[in-house]
Amino acid sequence: MKKILFVASEANPYAGTGGLGDVIGSLPGALAKETQDLDVRVVIPMHVRKIKEEYRNAMTKVAEFDLPLSWRTLYCGIWSLTENGVTWYFVDNEYYFDRDKLYGEYDDAERYAFFSKAVLEMLPHIGFVPDILHANDWQSALSVIYLKKMYTQYNTKAIYTIHNIEYQGKYSFGILGDVFDLPGELASTVEYDGCINLTKGAIVCADKVTTVSARYAEEIGTEFYSHGLHYIIWENSHKVCGIVNGIDLSLYDPEDPTLPAPFTVEDTAGKDVCKVEIQRRFGLPESPNTPLVVMISRLATHKGFDLVKCVLEEFLQEDVQVVLLGTGEQEYEEFFSWIATRYPNKAATMLAYNKGIAKLLYAGGDIFLMPSLSEPCGLAQMMASRYGTIPVVRETGGLADTIHPYNPTTGEGNGINFVSYNAHHMLDALRRALELYNRPEHWAKLRYNAMTYDFSWSKSAKLYLEMYRGLF
Ligand code: GLC
């Protein structure tokens, strides 16, 4: 049996803040389901304040040791539980992980250096040496670098997956030895553009580099999308590939009994009930025939909110309602609060991250707007589709790979796309959506296509397996 160890900073349902947590929460289980020949395990930090007590109670302590990190000697506990054929490990150190935030603390570099070191140091203690270590994003990039440069006793292959190249783990050289515990001769491995760049180091050291859609794999080789790393991607292009994410269909299910009115692809009557429930909760006029556009997102520039800012007022002149759920950059929070005050009968804003409300919006919306400037994969467009809420997306990254424009002549396609990062092109796409909405036979077909499109993990899990097999 071959052994895989996923390494990541977050995973649902234990502790998650975004797409990375969803993927690490579902891909390992999908792999275990796909084949009996893999022993799939995952390691994440023990984020004590986030992990629910029921999970903590289900864990057992499997190891405890002193961990050397530069001049420090640190406590390290390893807790474990098994679920759906996957063994989970949680790296425990309260000084580093008994915090309110997963990231954004002053000492993130040290916290994730500790975590990455613990991944390697725990192996003899847990009696498990993986054939493949599969690290994800900059917080676990050091585990790849340590493995390949400092733990060469292990004949383990390394895969590094980029979920978003914008976040690279960049630090000044002053902390190379003191915090990262890297010897001077490894400076050139992690050096890029005059600083330590952990993503660059992991790309260079890994046997394979993957990203979360085929389109994004191409895009990060260009200056526009690479956030400075396109040269490194070029130089390593022989080992870069893209595999699109899936979603856990059991978590995003229109038949979910907790919805105000569950529905199916054959009978979508419940969807209208969900829509009215949204209008009620958000204080909008209850109007089942008014098209409802929803956005659920972190309010970050790369999600395309500059386009929304530019033309939302113009769009609100139509007979539509718009609801936003999300938190993030102040500029956008202020804009959406203002819009809701200015157009109380047409627009509503909830500045929050709330999974229950998100599901209601996915279920009861008509149109799901996702105009990202860049989108490595994007999961929300797939979640919305499951409930027949039609994605209007910019054709980039995973949005391009998962949403195919509806063609009224052939009746094919599962969404509405626009190409240029241009506010009026987005507005035009929204207007095309309204036009289709007003032609019920087309809207029904489009909704059917969206709801029946295969967004399960199964296809992608097979592609990961193929890649793993190529490395064994
Ligand atoms: C990041 C990306 C997002 C992707 C997710 C999971 O959050 O920004 O596009 O879906 O990771 O891979």
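The values are calculated or read from the model by the stated rules, or taken from the named source; none is laboratory data. None of the values given here were measured: they were computed from a predicted structure. When we count neighbours, we look across all protein chains shown, and the Cβ atoms used for this are built from the backbone with ideal geometry, even at glycine. What goes into the accessible areas is simple: the full protein's heavy atoms, side chains included, and nothing from ligands, DNA or RNA. Shrake-Rupley method; radii C 1.70, N 1.55, O 1.52, S 1.80 Å.
Structure summary
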| quantity | calculated |
| --- | --- |
| Positions within segment 151-175 being charged (D, E, K, R) and either touching a Cys at 6+ places or on another chain (Cβ under 7 Å) or part of a loop (DSSP other than H, G, I, E, B) (or both), in sequence order | Glu166, Lys170 |
| Every residue from segment 164-174 that is touching a helix residue (DSSP H, G or I) at 6+ places or on another chain (Cβ under 8 Å), under 28 Å from Gly18 (Cβ atoms) and open to solvent by 40 Å² or more (accessible area, probe 1.4 Å) | Glu166, Tyr167, Lys170, Tyr171 |
| Checking Tyr387 against (1) surrounded by fewer than 24 Cβ atoms within 10 Å (Cβ to Cβ); (2) in contact (Cβ under 8 Å) with a residue 24 or more places away in the chain; (3) more than 16 Å from the ligand (Cβ to nearest atom), the condition it does not meet | (1) |
| Residue within segment 91-101 that is open to solvent by 30 Å² or more (accessible area, probe 1.4 Å), over 30 Å from Gly328 (Cα atoms), in a helix (DSSP H, G or I) and not hydroxyl-bearing (Ser, Thr, Tyr) present | no |
| Any chance Lys148 is in a loop (DSSP other than H, G, I, E, B), open to solvent by 50 Å² or more (accessible area, probe 1.4 Å) and basic (Lys, Arg) | no |
| Criterion (within 23 Å of Glu277 (Cβ to Cβ) and of a type in the set (Gly, Ala, Ser)) met by exactly one of Gly328, Gly356 | Gly356 |
| Residues of segment 222-262 classified as open to solvent by less than 30 Å² (accessible area, probe 1.4 Å), touching a residue at least 60 places away in the same chain (Cβ under 8 Å) and either of a type in the set (Lys, Arg) or more than 30 Å from Glu466 (Cβ to Cβ) (or both), total | 3 |
| Among the candidates Thr327, Thr402, Thr410, residue that is within 17 Å of the chain's Cα centre (by Cα), within 30 Å of Glu266 (Cβ to Cβ) and polar (S, T, N, Q) | Thr402 |
| Qualifying residue in segment 431-444 (condition: under 22 Å from the mean Cα position of the chain (by Cα) and part of a helix (DSSP H, G or I)) | no |
| Qualifying residues in segment 263-316 (those that are under 19 Å from Glu329 (Cβ atoms) and hydroxyl-bearing (Ser, Thr, Tyr)) - the one least open to solvent (accessible area, probe 1.4 Å) | Ser297 |
| Close pairs from segment 283-308: first under 27 Å from Val419 (Cα atoms), partner open to solvent by less than 30 Å² (accessible area, probe 1.4 Å) and modelled with pLDDT under 95, Cβ under 8 Å, at least 6 apart | Arg298/Gly18 |
| Test: Thr189 is at pLDDT 95 or above, within 16 Å of the ligand (Cβ to nearest atom) and assigned to a helix (DSSP H, G or I) | no |
| Per-region count, segment 35-74, residues open to solvent by less than 30 Å² (accessible area, probe 1.4 Å), over 30 Å from the mean Cα position of the chain (by Cα) and β-branched (Val, Ile, Thr) | 0 |
| Residues located in segment 390-423, provided they are more than 13 Å from the ligand (Cβ to nearest atom) and part of a helix (DSSP H, G or I) | Ala423 |
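Condition check ((1) touching a Leu at 6+ places or on another chain (Cβ under 7 Å); (2) without any contact (Cβ under 8 Å) to a residue 60 or more places away in the chain; (3) open to solvent by 50 Å² or more (accessible area, probe 1.4 Å)) across all residues:
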position: Gly326; (1), (2), (3): yes, yes, no
position: Phe336; (1), (2), (3): yes, yes, no
position: Ala348; (1), (2), (3): yes, no, no
position: Leu351; (1), (2), (3): no, yes, yes
position: Leu361; (1), (2), (3): yes, no, no
position: Gly365; (1), (2), (3): yes, no, no
position: Phe368; (1), (2), (3): no, no, no
